[in-house]
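A quick write-up on the structure given underneath.
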Amino acid sequence: MKIAMLSSLTFVVAIAVSCSTTKTYTINSKSGTSTQGTATFTQSGKTVTMDLNVSKLTPGIHAVHIHEKGDCSAADASSAGGHWNPTSHKHGQWGHDEFHMGDIGNLNADQEGNARLLFKTDKWCLGCVDESKNIIGRSLVIHADKDDFKTQPTGNAGGRVGCVEIK
């Protein structure tokens, strides 16, 4: 009886540990651009991985942020609101001093306008009850310019060229 119960418990734990949630979204072009691509979010245990694959960007560096509202309906993505900042910190660079929970960083588009960014964190979750971590109901925004990691509250990142509603 103990062996059967232990085997069942081991099986349940193995399944729970191996479970993950993956959500893939299409990037909506904004501000008259042709920005395209996908954003995939995978939660495995307490870690969320974002795999951002973007095309048709202008070559160079572009800021990427999570914004407070899951709404990309405006032509310039202004409907996404400001940076997601549930902890009321100053804007900055992820992992350095103060930063918003939405301060992801920059991606670099090559001469053909293609870019990829892999980002992992245990500070986000997909659908958990902790609103200071839950990115569902937010937007991922790709900006026209790079994030300087110091200008408040936006990093001087420029217009919004791509937007994803994280549902």
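Expressed per residue, the C-alpha convex hull volume of the chain stands at 118 Å³.
The angle between the Cα long axis of helix 2-18 and the main principal axis of the chain comes to about 10°, on a 0 to 90 degree scale. Here the calculated FRET efficiency for His96 and Leu118, from their Cβ-Cβ distance with R0 = 22 Å, stands at 0.75, rounded to the nearest 0.05.
With the highest mean first, a sort of the peptides 150-157, 92-99 on other beta-carbon atoms found within 10 angstrom per residue produces 150-157, 92-99.
Among Cys125, Cys72, Cys163, Cys19, a tally of other beta-carbon atoms within 10 Å of each Cβ gives an order, fewest to most, of Cys19, Cys125, Cys72, Cys163. With r defined as the distance between the Cβ atoms of Thr38 and Val129 and R0 fixed at 22 Å, what FRET efficiency is calculated, to the nearest 0.05? It comes to 0.20. Neighbour counts of other Cβ atoms within 10 Å put Asp122, Asp147 in the fewest-to-most order Asp122, Asp147.
As a rough footprinting exposure proxy, the listed residues Asp71, Asp110 were ranked by other beta carbons within 10 Å of their own, and the order from fewest upward is Asp110, Asp71.
A short reminder: the numbers here are calculations on the coordinates, not readings from a lab. These figures come from a predicted structure and were not determined experimentally. For neighbour counting, all protein chains shown are included, and Cβ atoms are generated from backbone atoms with ideal geometry for every residue, glycine included.
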